[in-house]
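S.K.: The following block contains the structure, expressed as structure tokens.
Please treat every number below as a calculation from the coordinates, not as lab data. From a predicted model like this one, the values you see are computed outputs, not experimental measurements. Note: ideal-geometry Cβ built from the backbone for every residue, glycine included; neighbour counts use all protein chains shown.
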Amino acid sequence: MTELGVQTTVVAANPAVLEGMEVPVGFSHESVVVRSGQRTGLPIIVAVHSTALGLAVGGCRVWEYERWEDGLRDALRLSEGMTRKCAAAGLPNGGGKTVVVVPTGRTLTADERHAALHDVGDLVEEFGGRYVTGPDAGTGPADMVAIGERTEHVFCRPEGTGGSGDPSPFTAMGVVAALRSTCQALSGSSALAGKRFAVIGTGHVGEQIARQLSEAGADLILSDVNPARRSLADELGAEFAEPDIAATAEVDVLVPAALGGLLTRDLVPRLQCAAVAGAANNQLAEPSVAGLLRERDILWAPDYIANAGGVINAVAREILGEEPETAVKRIESIFDTLTDIFAAAARTNVTTSAAADELAQIRLAAQL
Ligand code: PHE
């Protein structure tokens, strides 16, 4: 394949590079590299937010963006979220993230995709093991094999090839533990049977959550931007609705399982659920939405607590060398972590978001 671009590297450890961009709270990242991929010319971004607790972990997103700056903004937010996710989950790790910026409307050929993953592998390798990548939106275990052709610092290769495999069943397992904890906080019983859930997004993780809820005897509304996903609803005997209809349906728990930003200032006043708990990252379109949810007495399970199962499994198996059963126990402890957060929020009169951040901060400070 031809090389499309001259390699340029912008090391944005200098906050001046980010001037004029809406970076959330100043520049708190250890290191951010933005590079035109040597093979593809595509912008490749690795953001390492923190290695205070140990090496940074976080998946590789191959996604379409209008502008590379949008990809950078995603990498910055998501890597910071991974620091909190790992700390709150009790993992000895910090947060990072990789983004491959695919221009909107462009479909990569198989060769281009493979080349982009090699570009990622080279950049991850330059971090010398301070950062380990893995799957995220737009990538899966097969892509980790491609990245692994250029670096050892990659999680979740298929099981036969030395990795811990697809993390999505473990993310789903953790979300279901979070849903039980949420139901317990709402009704005093962690049972899922007979409760009503709206699952927004039936991709890798959303489908597995829906199946587990269905098996547990829950009542379901499913939704996906892809209308063909109605087939899953038919198979499970669930309703299928447009995303906006499903998100505002009268249910016990709304389960965001698509991309982030579902909970906007516009949506929250229209919600008819008692709680929100799901797999999506960055569910709050802006931080103040946490307060709006609390004012409406809607219980929110902080996203990075509920969706930590995938990274917990990868770290437990591939870094800590634990057996599958031990990793599963760690994932199931999401139930207790969330129960503690709900209790702390109620006791101290703060949002569940603030209570989760506080827990992450305490663990970060304690292990420094
Ligand atoms: N994509 C996962 C998340 O957002 C991160 C992950 C990284 C999962 C490494 C598995 C392995 O939590």
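S.K.: Any chance you could run the full-extension gain for T107 through D266? It's 0.36 nm times the residue separation minus the Cα-Cα distance, nm to one decimal.
M.R.: On the way: separation 159, 0.36 × 159 = 57.24 nm, distance 3.25 nm.
Full extension of this stretch gives 54.0 nm more.
S.K.: Could you give the angle, 0 to 90 degrees to the nearest 10, between helix 110-126's Cα long axis and the longest principal axis of the Cα atoms of the chain?
M.R.: 80
S.K.: Could you work out the relative contact order of the chain? I mean the mean sequence separation of Cα pairs under 8 Å and 6+ apart, divided by the number of residues, in percent.
M.R.: On the way: 801 pairs, mean separation 51.7, N = 368.
Taking the mean separation of contacting Cα pairs over the length of the chain, I get 14 percent.
S.K.: Under a Cβ-Cβ cut-off of 15 Å, what is the net charge of the residues other than Q184 that fall near it, where Lys and Arg count +1 and Asp and Glu count -1? Intermediate results must be reported in sequence, preceding the final value.
M.R.: Details: positive: R180, K195; negative: D252, E332, D336, D340.
Taking every Cβ under 15 Å from that of Q184, the sum is -2.
S.K.: Could the peptides 201-210, 162-171, 289-298 be put in order, highest first, of the mean number of other beta-carbon atoms found within 10 Å of their residues? Write out the running numbers ahead of the final one.
M.R.: On the way: 201-210: 24.0, 162-171: 21.4, 289-298: 16.6.
Peptide ranking by packing, descending: 201-210, 162-171, 289-298.
S.K.: A further question follows. What value, in deg cm²/dmol to 500, does the helix sum -39500 (n - 2.57) over DSSP H runs of n ≥ 4 give at 222 nm once divided by the residues of the chain? Before the final figure, lay out each step's value.
M.R.: Working: 13 runs with 151 residues, N = 368.
The helix-only estimate for the chain comes to -12500 deg cm²/dmol at 222 nm.
S.K.: Mind checking the angle between helix 334-348 and the chain's longest principal axis? C-alpha axes, 0 to 90 degrees, to the nearest 10.
M.R.: 70
S.K.: Antiparallel versus total DSSP beta bridges in the chain: what percent is that, nearest 5?
M.R.: 30
S.K.: If you don't mind, there's one more thing I want to ask. Indicate, rounded to the nearest 5 percent, the antiparallel portion of the DSSP beta bridges found entirely in region 14-167.
M.R.: Around 45 percent of the beta bridges assigned by DSSP in region 14-167 are antiparallel ones.
S.K.: Straight distance only, please: which lysines reach the Cα of K85 with their own Cα at less than 20 Å, same-chain residues fewer than 8 apart left out?
M.R.: K97, K329
S.K.: Give the peptides 248-254, 259-265 in descending order of average Cβ contacts within 10 Å, highest first. Mind showing how you got there, number by number?
M.R.: Details: 248-254: 20.6, 259-265: 18.0.
So the peptides 248-254, 259-265, ranked by packing, come out 248-254, 259-265.
S.K.: Tell me the net charge near R229. Cut-off is 15 Å between Cβ atoms, R229 excluded, with +1 for each Lys or Arg and -1 for each Asp or Glu. It would help to have the intermediate numbers written out before the result.
M.R.: Numbers: positive: R211, R230; negative: E207, D224, D234, E235, E239, E242.
Counting the neighbours of R229, the net charge comes to -4.
S.K.: For E152 and N349, calculate 0.36 nm times their separation in residues minus their Cα-Cα distance, and state this gained length in nm to one decimal. Spell out each step's value before the answer.
M.R.: On the way: separation 197, 0.36 × 197 = 70.92 nm, distance 4.56 nm.
Extending this stretch completely gives an extra 66.4 nm.
S.K.: If I take every Cα pair under 8 Å that is 6 or more residues apart in region 239-368, average their sequence separation and divide by the length, what percent do I get for the relative contact order?
M.R.: Values: 163 pairs, mean separation 23.8, N = 130.
With pairs under 8 Å counted, the relative contact order is 18 percent.
S.K.: Could you give the distance between the Cα centres of region 298-349 and region 103-128, to the whole Å?
M.R.: Computed from Cα coordinates, the inter-centre distance equals 31 Å.
S.K.: With a 10 Å radius around each residue's Cβ, average the other Cβ atoms per peptide and rank 227-240, 300-313, 53-66, highest first.
M.R.: On the way: 227-240: 15.3, 300-313: 27.9, 53-66: 21.7.
Descending mean neighbour count gives 300-313, 53-66, 227-240.
S.K.: Something else: For the pair R211/E235, report the inter-label distance in nm, with labels modelled 7 Å from Cα in the Cβ direction.
M.R.: 0.7
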